[in-house]
Each structure stands twice: as C-alpha cells, then as structure tokens.
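Participant: Structure provided below as structure tokens; questions to follow.
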Amino acid sequence: MLLSQIKKPDGALAVVAREGKEAYEVRGAQSVYALALDCARNGKSLAAHIGSLGFGGAVDLEQAYEENRLLSPIHHPDPAHLHLTGTGLTHLGSASTRNAMHAKVSGAEEVLTDSMKMFRMGLENGKPAGEGVGVQPEWFYKGNGASLVAPGADLPSPAFADDAGEEPELAGIYVIGDDGTPFRLGFALSNEFSDHVMERVNYLYLAHSKLRPASFGPEIRIGALPEDVRGVSRIRRGGEVIFEKPFLSGEANMSHSIANLEHHHFKYRVFRQPGDVHVHMFGTATLSFADGIRTAPGDQFEIEAAEFGLPLRNGLAIDGFTPAASRVAVQTL
C-alpha cells in the first residue's frame with residue numbers, strides 16, 4: 001500500500017491510499033501523522049487501521065501533481081518536531097563502482113582517507129548477525145520541518161552555496177510513540193539535496209554541506225523495504241534530459257543493514273521524543289556531480305523507482321533571501 005497527502009480543490013487536506021493504479025481518499029483521516037499516532041497507541045498496523053476506516057472517493061494523483069496539490073506524505077503540526085537526518089557511505093553502487101571501492105579499501109590503513117576507512121568499517125561490520133549492533137555509520141543533520149519541500153516544489157539553494165546537487169535516496173519515515181518507542185511507517189523516495197563542492201574543500205565541511213532543504217515522497221510505501229531497489233535519477237534542463245543514471249538501494253546494495261542504521265540514529269534519547277516525526281535518509285552511490293554535472297536554476301530533478309509510486313520531482317531555485325556577500329547581523333537585547 002502507498003500513502004500520500006494532497007490538498008483538495010477546496011483547500012482541505014486528504015489522505016490518499018492506493019494499491020496498484022487505483023487511489024482513494026481514506027475516510028475520516030485527518031492526516032498521515034494522526035493515523036500513525038493512532039496505530040502506535042492502539043497496536044494496529046497502518047494497513048489494518050486504514051482498512052477499518054474505509055475509502056471515499058477516487059483520486060487522480062497525477063492530476064493533483066500537475067496542479068501542485070501534492071503535499072509531503074507526512075508532516076508534523078509543529079515543523080520544529082519533524083527531523084531531517086541521514087547517513088552516508090552506506091551504499092555499494094554498481095558492479096564497477098563496487099570493484100573500484102573494494103580496490104581502494106584493500107590498501108594499507110595509513111594510506112586510506114577517513115571516508116574510505118569508514119566505508120571499510122561498514123563493509124566489515126555494518127550488517128551484524130541477529131540482533132547484534134554493528135559499526136556506526138557516518139551521520140548528518142539536515143534540518144527540521146522548515147527545511148522540508150513538497151513534491152513538485154522548488155528546492156531553494158542558498159545564495160552562498162557552491163553547488164546545488166541532488167542525491168537520490170530512500171528514506172525511512174517514523175513517528176515516536178508516547179513511551180519513546182520509534183515506529184516506522186514505511187519508506188519513500190527522497191532527494192537529499194547537498195553542496196558537494198563545499199564538501200570537497202574539506203570533509204569537515206560535511207555538516208555545512210548537508211544543511212540544505214530536502215524533499216521526499218510523493219508516496220510512502222508502508223511495510224518492509226524490498227531487498228533490491230532499482231531506480232533512475234535524472235535532471236532535465238529546458239525540457240531536455242542532461243543527466244540520467246540508475247541508482248541502487250535496498251540492503252542487497254548496501255554495506256549496512258537498515259536495522260543497524262536505525263539503531264544508531266534512535267539510540268540517542270533526543271531522537272525518541274514522544275510525538276516527533278523523523279525522515280531518515282539512507283544514502284546513495286549515484287550523484288550527477290560525480291559525472292561532472294553542474295546544476296543551474298530552473299533544472300528539474302526526477303527520482304523514480306517503480307515500487308514507490310509516483311516519481312519525486314523538484315525544481316532548483318536560488319534562495320534570494322539568504323545573505324551572501326553581507327554578514328548576518330546579530331542584535332543585542
């Protein structure tokens with residue numbers, strides 16, 4: 001089952017569920033967030049809860065997309081309580097990329113970069129057996145709900161940025177129960193938008209490079225993640241495709257298990273605050289930047305994988321309100 005949220009022509013929010021091509025409003029659903037909390041409190045699965053509520057009228061999701069009425073598939077009433085985070089160096093990539101990476105990490109410890117050392121740590125102990133705890137991954141923070149961009153909307157790059165590049169990823173979608181237990185709704189496509197030029201200056205700039213907006217959806221696939229996910233990432237400029245490349249995800253293509261990545265995020269008490277929403281991105285091995293592409297305002301990003309419903313589309317814009325040449329002046333109270 002796939003879940004999404006749309007703005008109806010009258011401005012009201014509707015939760016939409018679909019299996020196959022048919023999509024319908026979920027009766028009595030105020031939001032995906034409210035549905036998830038109900039399930040967490042009552043011990044019901046999302047699918048069972050939605051089935052008990054029943055379905056209303058049919059919805060044309062493609063038309064809603066064209067009319068810019070698709071919303072992020074989950075939100076929090078207070079944006080400060082939605083967290084955008086992620087992990088890197090977790091994916092093996094294509095066969096050729098895997099061979100190259102294995103060749104790099106097989107060298108002597110003293111000649112490896114810190115990134116290669118961390119990648120090797122994941123290869124060696126990112127998928128512990130049973131309920132064991134593996135090595136912790138690279139981790140980063142992107143922002144809260146104020147940094148969230150709806151499917152179809154533009155990703156605003158700050159005026160001071162050196163780059164504005166896409167990262168096609170899968171994200172886990174979570175709510176925190178009343179007792180601090182994390183509950184996963186499912187998974188969605190995401191664009192983990194980043195500044196790769198800044199990051200290459202020095203890897204210690206990673207934290208800065210990740211403080212950018214992000215988008216996910218348009219639909220959440222509830223349930224387990226397929227072992228092998230194969231999608232496509234592309235960029236259009238003036239209607240023409242200037243970049244198109246497959247991306248691989250799912251545990252068959254990762255050096256860490258999803259359970260290990262989840263543990264190392266939610267082991268921190270600050271990320272187990274009741275009622276919070278988490279969108280945690282799991283990393284990628286496909287970047288247009290790595291192929292020499294420099295994006296420009298007006299470019300259109302598109303990320304798709306058949307199992308996750310509609311493709312995730314976002315344009316690129318420059319955030320003109322962000323100070324560039326001038327310093328941010330802090331006032332004294």
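The values are calculated or read from the model by the stated rules, or taken from the named source; none is laboratory data. Quantities reported herein were computed from a predicted structural model and do not represent experimental measurements. Note: ideal-geometry Cβ built from the backbone for every residue, glycine included; neighbour counts use all protein chains shown.
Participant: Which helices (runs of 4 or more DSSP H) sit wholly inside the stretch 47-131 and have at least 1 residues that are at pLDDT 95 or above?
Facilitator: Qualifying helices (runs of 4 or more DSSP H): 61-66.
Participant: Something else: For the stretch 57-70, enumerate the residues that are farther than 20 Å from Val149 by Cβ and free of Cβ contacts under 8 Å to residues at least 40 places away in the same chain.
Facilitator: Gly57, Ala58, Asp60, Gln63
Participant: Just to be sure, is Ala48 under 24 Å from Val149 (Cα atoms) and among the aliphatic types (A, V, I, L, M)?
Facilitator: no
Participant: Right, here's the next one. Filter the stretch 28-70 down to the residues that are touching a Gly at 6+ places or on another chain (Cβ under 8 Å) and closer than 20 Å to Gly275 by Cβ and list them by number.
Facilitator: Within the stretch 28-70, Leu37, Ala40, Arg41, Leu46 meet the criteria.
Participant: When the stretch 296-315 is examined, which residues are found to be surrounded by fewer than 22 Cβ atoms within 10 Å (Cβ to Cβ) and within 12 Å of Ile242 (Cβ to Cβ)?
Facilitator: Selection gives Ala296, Gly298, Gln300, Glu302.
Participant: Considering only the stretch 314-324, I want to know if a residue exists there that is assigned to a helix (DSSP H, G or I) and over 14 Å from the mean Cα position of the chain (by Cα).
Facilitator: There is no residue in the stretch 314-324 that is assigned to a helix (DSSP H, G or I) and over 14 Å from the mean Cα position of the chain (by Cα).
Participant: I need the full set of residues from the stretch 14-44 which are touching a Leu at 6+ places or on another chain (Cβ under 7 Å), surrounded by 15 or more Cβ atoms within 10 Å (Cβ to Cβ) and of a type outside the set (Ser, Thr, Tyr), in order please. Before you say what the answer is, go through the steps one by one.
Facilitator: From the stretch 14-44, those touching a Leu at 6+ places or on another chain (Cβ under 7 Å) are 15-18, 23, 26-29, 31-32, 35-36, 39; that's our starting set.
Remaining after also requiring surrounded by 15 or more Cβ atoms within 10 Å (Cβ to Cβ): 15-18, 23, 26, 29, 31-32, 35-36, 39.
If the condition is that a residue be touching a Leu at 6+ places or on another chain (Cβ under 7 Å), surrounded by 15 or more Cβ atoms within 10 Å (Cβ to Cβ) and of a type outside the set (Ser, Thr, Tyr), then Val15, Val16, Ala17, Arg18, Ala23, Val26, Ala29, Val32, Leu35, Ala36, Cys39 are the ones that fit.
Participant: Can you find, within the stretch 170-213, the residue that is surrounded by the fewest Cβ atoms within 10 Å (Cβ to Cβ) among those that are among the acidic types (Asp, Glu) and over 15 Å from His278 (Cα atoms)?
Facilitator: Asp179
Participant: Further question on the same structure: Looking at the stretch 235-250, which of the residues that are buried (at least 19 other Cβ atoms within 10 Å of the Cβ) and not aliphatic (A, V, I, L, M) is farthest from Ala171 (Cα to Cα)?
Facilitator: Phe243
Participant: Separate question: Check whether at least one residue in the stretch 236-255 is touching a Pro at 6+ places or on another chain (Cβ under 8 Å) and at pLDDT below 95, and report yes or no.
Facilitator: Yes - at least one qualifying residue is present in the stretch 236-255.
Participant: Look through His83, His49 and report the one residue that is over 14 Å from Ser4 (Cβ atoms), surrounded by 15 or more Cβ atoms within 10 Å (Cβ to Cβ), not aliphatic (A, V, I, L, M) and not assigned by TED's automatic domain parsing to the domain that holds Pro9.
Facilitator: On the way: His49 fails: not assigned by TED's automatic domain parsing to the domain that holds Pro9.
Sole residue among the options that is over 14 Å from Ser4 (Cβ atoms), surrounded by 15 or more Cβ atoms within 10 Å (Cβ to Cβ), not aliphatic (A, V, I, L, M) and not assigned by TED's automatic domain parsing to the domain that holds Pro9: His83.
Participant: I need the full set of residues from the stretch 284-313 which are within 30 Å of Gly20 (Cβ to Cβ) and touching a His at 6+ places or on another chain (Cβ under 8 Å), in order please.
Facilitator: Thr284
Participant: Still on this structure: In the same structural domain as His91 (by TED's automatic domain parsing), under 30 Å from Gln5 (Cα atoms) and either over 16 Å from the mean Cα position of the chain (by Cα) or of a type in the set (D, E, K, R) (or both): which single residue out of Arg212, Arg200 fits that description?
Facilitator: Just a single option satisfies the conditions, and that option is Arg212.
Participant: Kindly list, by first and then second residue, each pair from a residue in the stretch 126-146 that is farther than 10 Å from Thr85 by Cβ to a residue that is at pLDDT below 95 and exposed (fewer than 15 other Cβ atoms within 10 Å of the Cβ), limited to pairs with Cβ atoms under 7 Å and residues at least 6 apart or on different chains.
Facilitator: So the pair list comes out empty.
Participant: One residue is enough: does the stretch 285-297 have a residue meeting the conditions under 15 Å from the mean Cα position of the chain (by Cα) and at pLDDT 95 or above?
Facilitator: Here is the first cut: in the stretch 285-297, the residues under 15 Å from the mean Cα position of the chain (by Cα) are 285-287.
Remaining after also requiring at pLDDT 95 or above: none.
Within the stretch 285-297 (the criterion being under 15 Å from the mean Cα position of the chain (by Cα) and at pLDDT 95 or above), the answer is no, since none of the residues qualifies.
Participant: Also, I was wondering about something else. What is the one condition in (1) surrounded by fewer than 22 Cβ atoms within 10 Å (Cβ to Cβ); (2) not in a loop (DSSP other than H, G, I, E, B) that His278 does not satisfy?
Facilitator: (1)
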